[in-house]
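S.K.: Here's a structure for you.
Values quoted throughout were computed directly from the atomic coordinates according to the rules given, and no laboratory measurement underlies them. Predicted, not measured: the structure shown is a model, and the values here were computed from it. Quick reminder, even Gly has a Cβ in these numbers, built from the backbone with ideal geometry, and neighbours come from all protein chains shown.
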Amino acid sequence: MKREDVLTWDEYFMGLAHLSAKRSKDPSTQVGAVIVSKDHRVVGIGYNGFPNGCSDDEFPWDREGEFAQTKYPFVVHAELNAILNSNSDLRGCSIYVSLFPCNECAKAIIQSGISRIVYESDKYADTDGTKASKRMLKAAGVQLEQLPYQMELSIHKKDQ
Ligand SMILES: [Zn+2]
C-alpha cells in the first residue's frame, strides 16, 4: 500500500517557502518564496535578507528611526531574491510566498513573467503598498490564490 496522507503540491511548496524563511535574520518578519514551473519543478527560492556583501552585523534590522538607520533601504525581499536566484525562464511559473507581495516585488513578479501567486497571509491588505500591488497584478492578469490555511513548520534536531 502506498502512503496516502502525503503533502499536496500546495503544502509542499508553501512548506518549502517556510523552510527558506527560517534562514532570514530579520528579527520581526521572516518571509520565504519559492518559484515553481508548470511541471512542479522548483526554479527559484529566496528569503528576506541584505544583499551580498552587506553584513547582517553592520546593517540595521530596525523598523523605526531615521530611514538610513532602518532595514528598509537595504533589505531584499524574499520574492525578489527568488527571482534573482532563479535558474530558468520564469514565464508561466507560480510563486509561493508566505506574505502577499509588496508593490516593488509585484513589479518584479510581473516583469519576470510569473503568472500565478499563491500566498498565505494578507495582513497588510489595507496598506497603500498592497493596494497598489494588487492593482498592478490584476491589470497584468497575474492569478492570485490565497491558501485557506496557514502552515507552521518546526524543525527538530536530535543527536545521532
Ligand atoms: Zn516585496
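S.K.: Under a crude label model (7 Å from the Cα following the beta-carbon direction), how far is Asp56 from Lys131 in nanometres?
M.R.: Here the answer is 3.6 nm between the modelled labels.
S.K.: Sticking with this structure for a sec: Pairs of Cα atoms under 8 Å, at least six residues apart: use those to get the relative contact order of the stretch 1-119, whole percent. Please list the in-between numbers first.
M.R.: Numbers: 221 pairs, mean separation 30.2, N = 119.
Over the stretch 1-119, the number comes to 25 percent.
S.K.: Ok, one more. Give me the number: length gained by fully extending Phe67 to Ala139, i.e. 0.36 nm times residue separation minus the C-alpha to C-alpha distance, one decimal in nm.
M.R.: Extra length from Phe67 to Ala139 when fully extended: 22.8 nm.
S.K.: Does the chain come out rounded, prolate or oblate, given a ≥ b ≥ c as the square roots of the eigenvalues of its C-alpha gyration tensor, rounded meaning a/c under 1.5 and, failing that, prolate meaning a/b above b/c?
M.R.: Numbers: a/c = 1.67, a/b = 1.16, b/c = 1.44.
Oblate.
S.K.: Also: To the nearest 500 deg cm²/dmol, what mean residue ellipticity at 222 nm is calculated for the chain from DSSP H runs of n ≥ 4 alone, each contributing -39,500 (n - 2.57), summed and divided by the residues? Don't skip to the end; give the middle numbers.
M.R.: Values: 4 runs with 42 residues, N = 160.
Result for the chain, helices only: -8000 deg cm²/dmol.
S.K.: Same structure again: Report the trypsin sites (Lys or Arg not before Pro) located in the stretch 34-96 that are in a DSSP loop and have at most 13 other Cβ atoms inside 10 Å of their Cβ, or state none.
M.R.: Details: sites: Lys38, Arg41, Arg63, Lys71, Arg91; in loops: Lys38, Arg41, Arg63, Lys71, Arg91.
Counting only loop positions with at most 13 other Cβ atoms within 10 Å, the trypsin sites (Lys or Arg not before Pro) in the stretch 34-96 are Lys38, Arg41, Arg63, Arg91.
S.K.: Let me ask something else. What FRET efficiency, computed as 1/(1 + (r/R0)^6) with R0 = 35 Å and r the Cβ-Cβ distance, is obtained for Ser154 and Asp39, rounded to the nearest 0.05? Intermediate results must be reported in sequence, preceding the final value.
M.R.: Values: r = 30 Å, r/R0 = 0.86.
For Ser154 and Asp39, the calculated efficiency is 0.70.
S.K.: Return a single number: how many Lys pairs in the chain, at a sequence separation of 8 or more or on separate chains, have alpha-carbon atoms below 17 angstrom apart.
M.R.: For the chain, qualifying lysine pairs total 7.
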